[in-house]
Amino acid sequence: MIDDSAVSRSSASASSDSSDSSASSDSSASSASAAALELRDSATPFGAAPLSDAALDELAASLADGTTIVGIGGSTRFARETFEVPDQLFRRLVRQHGFRALAVQVSVDTAARLDRYVTTGEGTATAALDGAWRPMRTAETAAALEWIRAFNRDHPHDPVRVFGVQPAKARPEDYDAVLAHVRATAPERLAEVAAHLEPIRTAHRVDEHVQRARGAHPGRPFAEHARDALALLRGLPDAGHDERVLTRMRRIVEFHEHSVAGRGSYAGEAAVWADVLGDQQRRTGLRVVYWDGIAHTSATGGTLGLAPERGPQPSVGSLLRERHGAGYASVAVGFHHGDLGVVAVPEPAGDFLDARLGAVDLPAHWLDLRRADARRRWDGPAKLRVISGVYDPSRDAREHLAVASLADAFDVLVHLRRATPVHWLP
């Protein structure tokens, strides 16, 4: 464990003085940390974690102490390593500390399919992920679901559940149902309705704002197409009065109006998501691990470098901290550089936290900002790099989350030296 900006020391040497200069000039401290963490590089086989079992056990125990919800945020969803650390921590929080729910950034109806798989074994993990948000459709996520299923098979009376943090939303089959109804009742208007729906259903594969960033967007805002399709449906003499079809069409409109592109904001709907998660936690009484991006799990609001004019925005984690106090713990998992397959991420700018953490030349290390000495040395304004679906290396200096107080935003930092790609499902 690294618990100050300059000197690395093992958790077994907690009483030693850590206020000296840099780790690079203190070889004995670096050696102690390396021995304690038994770190690895990107050549480690798929499924292994960057931190040793002992380090993960210690970190999980510290996070479990007095908490109801543990939010673990990654700086990207495209790196295997930034998935494996949350996954391994989750497994330890389940096995060793009684956590029994995983909350993820999907709608409650999508989460219901995931939950059905892990609780009943119906189908496969890969099939359960069909229609889920694209960043979740990876072999790593499927393996995590398979682990939960195996745990539940061995603990049928004490299972792990899967929660979604978003309200129910439109799915591809809603578009199919609307078009089928128009085809059956007003076939002469089918082409007109389809001209609005076919372009916008692509957002279920690639988010609209990502299409814009990649230059693949057809032009007109998807929310406008959706509203026009709803108006057409309402105007049809026979097809427009089936409430079930209208409900599906209204759900499609809401999906596009509430997307990143529809809202014109990268920030999620923090209050709604926090309410959904909180309601499920209160209803079940389960201790929850919440996986998401660092901009969502941060225990304080933050400002996105791609939208500085909006200033600090609340996060799900900030609302959970308001409601649960120290019962909500916040972890940030980031990395220094790496080839993510979809993009090569360079070394971070010098004013990024990722660069400061990367000054410790170790494959991985972690820092507990709840310790008084670490807080004194590290607290203050900070920029943490964020690699999203619209990341562009040419504007790397803007691709960040800025927080006013690092120690208020995150209880624990995990830093990985190098990242490699996740394995995408077909």
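A short reminder: the numbers here are calculations on the coordinates, not readings from a lab. The shown structure was predicted, so the numbers you read here are calculated from the model rather than taken from an experiment. Every residue, glycine among them, receives a Cβ derived from its backbone with ideal geometry; neighbour counts consider all protein chains shown.
Below, the figures for the structure above:
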| read-out | value |
| --- | --- |
| The chain: most fluctuating residue of D130, D158, D379 per GNM, C-alpha cutoff 10 Å | D158 |
| Alpha carbon convex hull of the range 227-311, projected area averaged over orientations, nm² | 8.0 |
| Gaussian network model of the chain, springs between alpha carbon atoms under 10 Å - residue of F335, F352, F90 with greatest fluctuation | F352 |
| Helix 27-37 vs. the chain, principal-axis angle (Cα, 0 to 90°, nearest 10) | 50 |
| Peptides ranked, highest mean first, by Cβ atoms within 10 Å: ranges 246-252, 192-198 | 246-252, 192-198 |
| Helix 80-97 vs. the chain, principal-axis angle (Cα, 0 to 90°, nearest 10) | 80 |
| Reciprocal of mean inverse Cα separation for the range 71-156 (Kirkwood radius, Å) | 13.3 |
| Estimated translational D of the range 288-414 in µm²/s (Stokes, Kirkwood radius over Cα pairs; 37 °C; 0.692 mPa s) | 219 |
| DSSP bridge orientation in the chain - percent antiparallel, rounded to nearest 5 | 40 |
| Total charge dipole magnitude, the chain, about the Cα centre, Cβ charges on Lys, Arg, Asp, Glu only, Debye to nearest 20 | 740 |
| Alpha carbon Rg of the chain, scaled by the compact-globule rule 2.2 N^0.38 Å | 1.03 |
| Dipole magnitude of the range 352-426, debye to nearest 20 (Cβ charges: Lys/Arg +1, Asp/Glu -1, about Cα centre) | 120 |
| Most positive-pole-ward Cα, H336, V118, A64, against dipole of the chain from beta carbon charges | V118 |
| Positive-end residue, the range 90-214 charge dipole about Cα centroid, Cβ charges, pick of V104, V178, L93 | L93 |
| About the Cα centre, charge dipole magnitude for the range 287-426 (Lys/Arg +1, Asp/Glu -1 at Cβ), debye | 360 |
| q = 0.12, 0.13 Å⁻¹, the range 140-271: log10 I(q)/I(0) [Debye, one scatterer per Cα] | -0.59, -0.66 |
| Fluctuation leader among A111, A180, A407 - the chain, Gaussian network, Cα springs under 10 angstrom | A180 |
